[in-house]
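To keep things clear, I will list the structure first and then write my remarks on it.
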Amino acid sequence: MKKDIEIPVVENVYIAVVKEWNEEFLAQDWNSYIINDRDTPIEMVLVVTKGYDQDRKTSLLRHGIGTVAPKSSAKIEMIQEELLGMNNEFAVTFFADSKLYEKKYIFRKNTINENAFQDLPVMDQRGVLMK
């Protein structure tokens with residue numbers, strides 16, 4: 001029965017977007033990260049990303065991150081400046097504590113900007129955080 005199915009709630013796992021200096025191209029890039037602020041590792045992390053608005057949509061990108069240690073982060077992908085004007089969705093799936101967890105994080109269009117920066121958990125940086 002449906003009432004017997006337990007759907008675990010994702011807690012202390014976040015997506016952050018940070019503006020960082022790229023030494024190779026000598027420019028500022030927007031990079032996305034998954035943050036594990038839990039006391040246990042998250043394993044078999046899979047992140048599916050896409051961007052969309054009313055008229056356009058990007059390709060679906062799948063990122064196999066693997067294991068993210070407790071109180072750490074892992075880079076997902078670079079986000080092109082043109083995509084900041086679109087909704088950016090990150091669908092995250094992982095195993096922890098012998099359970100499968102799943103959550104969608106959506107950055108609405110134009111919400112990724114320097115005015116929205118805040119201190120990020122685990123990372124010694126400032127960026128846009130989605131809980």
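The values are calculated or read from the model by the stated rules, or taken from the named source; none is laboratory data. From a predicted model like this one, the values you see are computed outputs, not experimental measurements. Glycine also receives a Cβ, built like all others from the backbone with ideal geometry; neighbour counts cover every protein chain displayed. The accessibility values were calculated without ligands, DNA or RNA, using every heavy atom of the protein model including side chains. Shrake-Rupley method; radii C 1.70, N 1.55, O 1.52, S 1.80 Å.
In the set (1) of a type in the set (A, V, I, L, M, F, W, C); (2) open to solvent by 20 Å² or more (accessible area, probe 1.4 Å); (3) part of a strand (DSSP E or B), the condition left unmet by V122 is number (3).
Residue count for region 45-56, restricted to those that are under 21 Å from M130 (Cα atoms) and either among the charged types (D, E, K, R) or open to solvent by 80 Å² or more (accessible area, probe 1.4 Å) (or both): 2. If you check N31, N88 for being assigned to a strand (DSSP E or B), within 20 Å of L129 (Cβ to Cβ) and in contact with an Asp or Glu (Cβ under 7 Å, 6 or more places away or on another chain), only one passes: N31.
Residues in region 35-43: is at least one surrounded by fewer than 10 Cβ atoms within 10 Å (Cβ to Cβ) and modelled with pLDDT under 95? Break it down stepwise before answering.
Restricting attention to region 35-43, the residues satisfying the condition of being surrounded by fewer than 10 Cβ atoms within 10 Å (Cβ to Cβ) are 39.
Narrowing further to those that are modelled with pLDDT under 95: none.
No - not one qualifying residue is present in region 35-43.
One line per residue, one yes/no per condition, for (1) under 15 Å from the mean Cα position of the chain (by Cα); (2) surrounded by 10 or more Cβ atoms within 10 Å (Cβ to Cβ); (3) assigned to a loop (DSSP other than H, G, I, E, B):
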residue: K3; (1), (2), (3): no, no, no
residue: E11; (1), (2), (3): yes, yes, yes
residue: I15; (1), (2), (3): yes, yes, no
residue: S59; (1), (2), (3): no, no, yes
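Right, E24: part of a helix (DSSP H, G or I) and loosely packed, with under 13 Cβ neighbours inside 10 Å or not?
On the way: part of a helix (DSSP H, G or I): no; loosely packed, with under 13 Cβ neighbours inside 10 Å: yes.
Spelling it out, it is not the case that E24 is part of a helix (DSSP H, G or I) and loosely packed, with under 13 Cβ neighbours inside 10 Å.
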